[in-house]
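To start, the structure under review is shown below, and the notes come after it.
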Amino acid sequence: MSSTARGEALPDPKSRIGTLRDFDLAMSLFVDGRYADAVPAFRRLVAASPKMADAWEDLGVSLEKLGRREEALEAYERAMDASGGASFVAVATGNLLLQMGRLDEARAHAELGLKGSPAMANSLLAQIALARDRPDEAEKAARAALAAPGSHIAPLMTLAQVLQKQGKLAEALGCADQATQELARTGAAGQGYEGLHWVRGDLLARLGRNEEAEREFLQEIRGFPHDTRPYASLALLYASEGRGPEAVGVLRRMVEAEGSPAAYAEAVKTLRILGDPQGAAALLRQALDRHPGSRELRTLAGSP
């Protein structure tokens, strides 16, 4: 998607051949999950065609997958400008802002997405309400997402998390199972759906079904190795079973695989939960040495 101002001449198609070739290359890398390689390809593309909203959005997704959230936010903001505030871009931006703890901004973007992407926007509103510890508000938004047209996989996952917060674990697992069944009906079960195995694993762990939970977390890591959540949950599961070295090993694997500010931040927060403030502090110093400009890491360190 790209835009041209009224009265502005369209470019000569021959001059766009190189751009189209760059787009094909960037998309090929993106689809293959080679996000580190896709980023420079998308950057070349948007430098040549700064009004190409799709390229800005995919650059944002690639950077987000790599845990480079501040850069991803900049790309999403450019996608918002280039697309004229498209609802799906607004929701993607809002989801990132939620991860960054910027809840007011996340909500504003969710509201922008309500008209064009009601299911995803309401799912985001439910997640924001959960982050604010407002379970009733979260359930209302999650059920609104479920009632909206379109795929129900994400709304079911969100409702499962809402019900978990309310202590309704069996009902929550039922929602996650429904999401799995809907994914199977689409014929895309082999591709997976990011977060679904993590949600199921979290619920199974809370139900004391640890072996099943471990399998779910490991499957999520295999399918979506850039997602930090299953690493942290698996580490907590191992720690709860007295498997301390394995818990630390999972966090080390996450940091070594990604090396991103997001991966370091997740590891630091998990070590704090595990009661290892010294280890968390040492890792945070290492993270700041590697990513001194990261706002997320500076916040963890108590710096502005």
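Summary table
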quantity: Charge dipole magnitude, Cβ of K and R +1, D and E -1 - the stretch 197-270, Cα centre, debye nearest 20; calculated: 80
quantity: Separation of alpha-carbon centers, the stretch 39-88 and the stretch 127-202, rounded to whole Å; calculated: 27
quantity: Within straight-line cross-link reach of Lys165, lysines at Cα separation under 30 Å, skipping those fewer than 8 residues along the same chain; calculated: Lys65, Lys115, Lys140, Lys269
quantity: Dmax and Rg, reported as Rg then Dmax, of the stretch 32-180 (C-alpha, Å); calculated: 16.2, 52
quantity: Degrees, to the nearest 10: 69-83 long Cα axis against longest axis of the chain; calculated: 40
quantity: Residue-span extension gain [Ala184 to Ala301] - 0.36 nm each, minus C-alpha spacing; calculated: 37.8 nm
quantity: Cα-based helix-to-principal-axis angle, 153-165 vs the chain, degrees rounded to 10; calculated: 30
quantity: Net lengthening on full extension, Glu212/Arg285 (0.36 nm per residue, minus Cα-Cα); calculated: 22.8 nm
quantity: For the chain, convex hull of alpha carbons as volume per residue, Å³; calculated: 146
quantity: Using alpha-carbon coordinates, inclination of helix 244-258 to the longest axis of the chain, degrees; calculated: 10
quantity: Potential lengthening between Gln166 and Arg243 on full extension [0.36 nm per residue; Cα-Cα distance subtracted]; calculated: 24.8 nm
quantity: Nearest-20 debye value, the chain charge dipole, Cβ charges on Lys, Arg, Asp, Glu; calculated: 260
quantity: Surface accessible to a 1.4 Å probe, per residue, for the residues of the stretch 194-273, Å²; calculated: 42
quantity: Fraction of alpha-carbon pairs over 16 Å apart in the stretch 208-260 - percent; calculated: 34
quantity: Approximate spin-label separation Arg102-Asp32, in nm, with each point projected 7 Å along Cα-to-Cβ; calculated: 3.3
quantity: Eligible aspartates and glutamates near Lys168 by straight Cα distance, threshold 15 Å, same-chain separation 8 or greater; calculated: Asp136, Glu139, Asp177, Asp202
quantity: Share of pairwise Cα separations in the stretch 168-304, more than 27 Å, in percent; calculated: 27
quantity: Among Ala142, Ala179, Ala188, residue whose mean-square fluctuation peaks in a GNM of the chain (springs only between Cα atoms under 10 Å); calculated: Ala188
quantity: Residue order for Tyr264, Tyr193 - accessible surface, 1.4 angstrom probe, largest first; calculated: Tyr193, Tyr264
quantity: Mean Cα-pair separation over length for the chain, i.e. relative contact order, pairs under 8 Å, 6 or more apart, %; calculated: 9
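The values are calculated or read from the model by the stated rules, or taken from the named source; none is laboratory data. Quick caveat: nothing in here was measured; it's all calculated off a predicted structure. Here Cβ is always computed from backbone atoms with ideal geometry, including for glycine, and neighbour counts include all displayed protein chains. Note: accessible area is taken over every heavy atom of the protein model, side chains too, but ligands, DNA and RNA are not part of it. Shrake-Rupley method; radii C 1.70, N 1.55, O 1.52, S 1.80 Å.
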